[in-house]
1. Considering only region 181-201, I want to know if a residue exists there that is within 25 Å of S126 (Cβ to Cβ) and either surrounded by 13 or more Cβ atoms within 10 Å (Cβ to Cβ) or within 25 Å of the chain's Cα centre (by Cα) (or both).
2. Step by step: first the residues of region 107-126, then only those that are out of contact with any Lys or Arg (no Cβ under 9 Å at 6 or more places or on another chain) and open to solvent by less than 30 Å² (accessible area, probe 1.4 Å), then the one that is nearest to A190 (Cα to Cα). Which residue is that?
3. From D151, D160, grab the single residue that is over 23 Å from Q124 (Cβ atoms), in contact (Cβ under 8 Å) with a residue 40 or more places away in the chain and either surrounded by fewer than 13 Cβ atoms within 10 Å (Cβ to Cβ) or among the charged types (D, E, K, R) (or both).
4. Which residues, taken from region 28-50, are closer than 24 Å to P134 by Cβ, open to solvent by 70 Å² or more (accessible area, probe 1.4 Å) and charged (D, E, K, R)?
5. Select, from M128, M136, the only residue that is among the aliphatic types (A, V, I, L, M) and modelled with pLDDT of 95 or more.
6. Any residue that is touching a residue at least 24 places away in the same chain (Cβ under 8 Å), touching a Gly at 6+ places or on another chain (Cβ under 8 Å) and surrounded by fewer than 17 Cβ atoms within 10 Å (Cβ to Cβ) - is there at least one of those in region 60-74?
7. For residues in region 127-145 being in a loop (DSSP other than H, G, I, E, B), of a type outside the set (S, T, N, Q) and out of contact with any helix residue (DSSP H, G or I) (no Cβ under 6 Å at 6 or more places or on another chain), which is surrounded by the fewest Cβ atoms within 10 Å (Cβ to Cβ)?
8. Give me the pairs: first residue in region 117-136 and farther than 16 Å from H63 by Cα, second residue charged (D, E, K, R) and in a loop (DSSP other than H, G, I, E, B), beta-carbon distance under 6 Å, and six or more apart or on different chains, which are they?
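The values are calculated or read from the model by the stated rules, or taken from the named source; none is laboratory data. If you're wondering where the values come from, they're calculated on a predicted model, not measured in any experiment. Cβ coordinates were reconstructed from backbone atoms using ideal geometry, including for glycine residues, and neighbour counts include every protein chain displayed. All accessible areas refer to the heavy atoms of the entire protein, side chains included, with ligands and DNA or RNA removed. Shrake-Rupley method; radii C 1.70, N 1.55, O 1.52, S 1.80 Å.
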Amino acid sequence: MSEIKATNVQKSTNNLPKTPQKRYKKEEVLSASLAYFNGDELAATTWMNKYAVKHPEGGYTEHTPDDMHRRMAHHFGRMEERFKDGIAHPELKSLITDYGRRRGFLDEERIYGYFKEFKYVIPQGSIMAALGNPFMIASLSNCVVLPSPLDSFGGIFYTDQQLAQLFKRRCGVGIDLSKLRPSGMNVANAAGTTTGAVSFMERYSNTT
């Protein structure tokens, strides 16, 4: 199995790895992923396009979804290590649920066993794509809800800016526009009347 020559990609971005990354060609990853998914091309290409870690200089740093599961297990395991004695640390106690306090410690290998082959636990897409990915700035939440925009020109466009920032970080966003005045209502600006909530829905749709 050939590999693209590994290079040190540490540049101006502080979160890039300081050690060379193994890289695979697209054809290699496709072949291995097709085998992993028993010939299901849609599953293989969806994983490659949406979840496999891609190197900014070309190629992939993950060969099959098993590499992704190992990546996720490592970072979940890292947090488990940090919180396993959380009861002894008052600053962490409030962050642990009652269930988290009762259940046993999960090490990296046990967590990997839950992820392996998508058998027991399938995290949301943003976690699969971004957790431990040094080349992507993204939220680990698939979806968020924003407060309703203030019923003003500035408030509406501030929300538009928030939407853009969240979308670029791989979030879906929910928002309630019912507090905006309906079309034809008087406003104090030069327009005299508002174009209504629906017109701003279209604006937000364009941003999306």
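1. Yes, there is a match, as at least one residue in region 181-201 is within 25 Å of S126 (Cβ to Cβ) and either surrounded by 13 or more Cβ atoms within 10 Å (Cβ to Cβ) or within 25 Å of the chain's Cα centre (by Cα) (or both).
2. That would be P123.
3. Being over 23 Å from Q124 (Cβ atoms), in contact (Cβ under 8 Å) with a residue 40 or more places away in the chain and either surrounded by fewer than 13 Cβ atoms within 10 Å (Cβ to Cβ) or among the charged types (D, E, K, R) (or both) holds for just one of D151, D160, which is D160.
4. K50
5. Of the residues listed, the single one that is among the aliphatic types (A, V, I, L, M) and modelled with pLDDT of 95 or more is M128.
6. The answer is yes; a qualifying residue exists.
7. It comes out as I137.
8. Close Cβ pairs satisfying both conditions: S126/R170.
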